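Chemist: My questions all concern the structure below.
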Amino acid sequence: MKRIVFLALTTALSTSVFAAPETYSIDNSHTYPRFSYSHFGFSTQLSRFDKTIGTITIDHVAKTGAVNVTIDTTSVNTGLPLFNEHIQGADFLDTAKYPTATFTSSKVNFNGDNVTSVDGTLTLKGISKPVTLLVTSFQCMPHPMLKKDACGANATTVVKRTDFNMGKYAPNVGDEVTITLSVEAVKE
């Protein structure tokens with residue numbers, strides 16, 4: 001009987017050790033938030049941000065987590081320097097007043113062992129709105145080059161520019177903007 005109690009206690013303690021959340025720092029060299037929108041119906045324009053920091057915390061056993069992302073909006077990259085300046089102007093990102101955009105999660109949602117979405121708040125141009133990132137892929141494993149644990153994900157959401165005081169030229173230039181976050185993060 002003592003042995004059974006000891007084994008049960010040992011198992012409970014070891015399970016709680018494995019259930020601890022793990023935190024991963026975003027790898028800026030492999031993380032590129034992108035945004036796309038319709039341009040007069042002629043084409044879908046695609047741009048990205050080149051500087052991103054943040055963390056992903058995940059507890060696979062408890063099925064919980066947290067995501068915190070900060071994007072340097074002055075790092076917008078449209079492929080054309082003149083257009084980068086235009087997007088950074090007061091009519092759009094207004095990077096002089098708001099040099100960052102943030103996403104802070106309120107809940108990481110699982111289906112079994114898979115992360116399926118992340119609910120949270122997007123703050124852009126000083127305005128905060130609830131959004132849900134739909135996760136199309138999420139994987140954690142040892143990084144073959146860094147020899148550390150790492151996680152990677154792809155997630156998307158759609159927002160309206162007008163909700164963030166960036167509605168100039170809408171609806172000719174699409175009000176709906178698809179944000180795609182391709183992220184890699186390394187265990188701290």
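The values are calculated or read from the model by the stated rules, or taken from the named source; none is laboratory data. Just so it is clear, the model here is predicted, and its values are computed rather than measured. Counting neighbours? That spans all protein chains shown, and the Cβs are built from the backbone with ideal geometry, glycine included.
Chemist: Any residue at all in region 118-130 that's out of contact with any strand residue (DSSP E or B) (no Cβ under 7 Å at 6 or more places or on another chain), buried (at least 18 other Cβ atoms within 10 Å of the Cβ) and aliphatic (A, V, I, L, M)?
Modeler: No, region 118-130 contains no residue that is out of contact with any strand residue (DSSP E or B) (no Cβ under 7 Å at 6 or more places or on another chain), buried (at least 18 other Cβ atoms within 10 Å of the Cβ) and aliphatic (A, V, I, L, M).
Chemist: With region 38-115 as the region, which strands (runs of 3 or more DSSP E) entirely inside it contain at least 3 residues that are over 16 Å from the mean Cα position of the chain (by Cα)? Before you say what the answer is, go through the steps one by one.
Modeler: On the way: elements: 43-49, 52-59, 64-72, 100-111.
Once the strands (runs of 3 or more DSSP E) in region 38-115 are filtered for at least 3 residues that are over 16 Å from the mean Cα position of the chain (by Cα), what remains is 43-49.
Chemist: Next question, about the same structure. Take region 93-108 and flag every residue that is over 20 Å from Ile26 (Cα atoms) and in contact with a strand residue (DSSP E or B) (Cβ under 9 Å, 6 or more places away or on another chain). Reasoning before the result, please.
Modeler: So the first thing to find is which residues in region 93-108 are over 20 Å from Ile26 (Cα atoms), and the list is 93-98.
Of everything in region 93-108, those that are over 20 Å from Ile26 (Cα atoms) and in contact with a strand residue (DSSP E or B) (Cβ under 9 Å, 6 or more places away or on another chain) turn out to be Leu93, Thr95, Tyr98.
Chemist: So Phe138 ticks every box in (1) touching a Cys at 6+ places or on another chain (Cβ under 9 Å); (2) farther than 25 Å from Ser29 by Cα; (3) of a type in the set (Phe, Trp, Tyr) but one. Which box is left unticked?
Modeler: Every condition holds for Phe138 apart from (2).
Chemist: Would you point out the residue of region 88-109, among those that are hydroxyl-bearing (Ser, Thr, Tyr) and within 30 Å of Lys63 (Cα to Cα), that is surrounded by the most Cβ atoms within 10 Å (Cβ to Cβ)?
Modeler: Initial filter on region 88-109 (hydroxyl-bearing (Ser, Thr, Tyr)): 95, 98, 100, 102, 104-106.
Those left that are additionally within 30 Å of Lys63 (Cα to Cα): 100, 102, 104-106.
Working: Thr100: 17, Thr102: 15, Thr104: 15, Ser105: 19, Ser106: 12.
If we take residues in region 88-109 being hydroxyl-bearing (Ser, Thr, Tyr) and within 30 Å of Lys63 (Cα to Cα), then Ser105 is surrounded by the most Cβ atoms within 10 Å (Cβ to Cβ).
Chemist: List pairs: first in region 131-152 and among the aromatic types (Phe, Trp, Tyr), second at pLDDT 95 or above, Cβ under 9 Å, 6+ apart or cross-chain?
Modeler: Phe138/Ile58; Phe138/Val115; Phe138/Thr116; Phe138/Cys151; Phe138/Gly152; Phe138/Ala153; Phe138/Asn154; Phe138/Ala155
Yes/no per residue for (1) among the acidic types (Asp, Glu); (2) out of contact with any helix residue (DSSP H, G or I) (no Cβ under 8 Å at 6 or more places or on another chain); (3) under 17 Å from Met166 (Cβ atoms):
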| position | (1), (2), (3) |
| --- | --- |
| Lys63 | no, yes, no |
| Asn77 | no, no, no |
| Phe83 | no, yes, yes |
| Pro99 | no, no, yes |
| Lys107 | no, yes, no |
| Ser117 | no, yes, no |
| Lys125 | no, no, yes |
| Ser128 | no, yes, yes |
| Ser137 | no, yes, no |
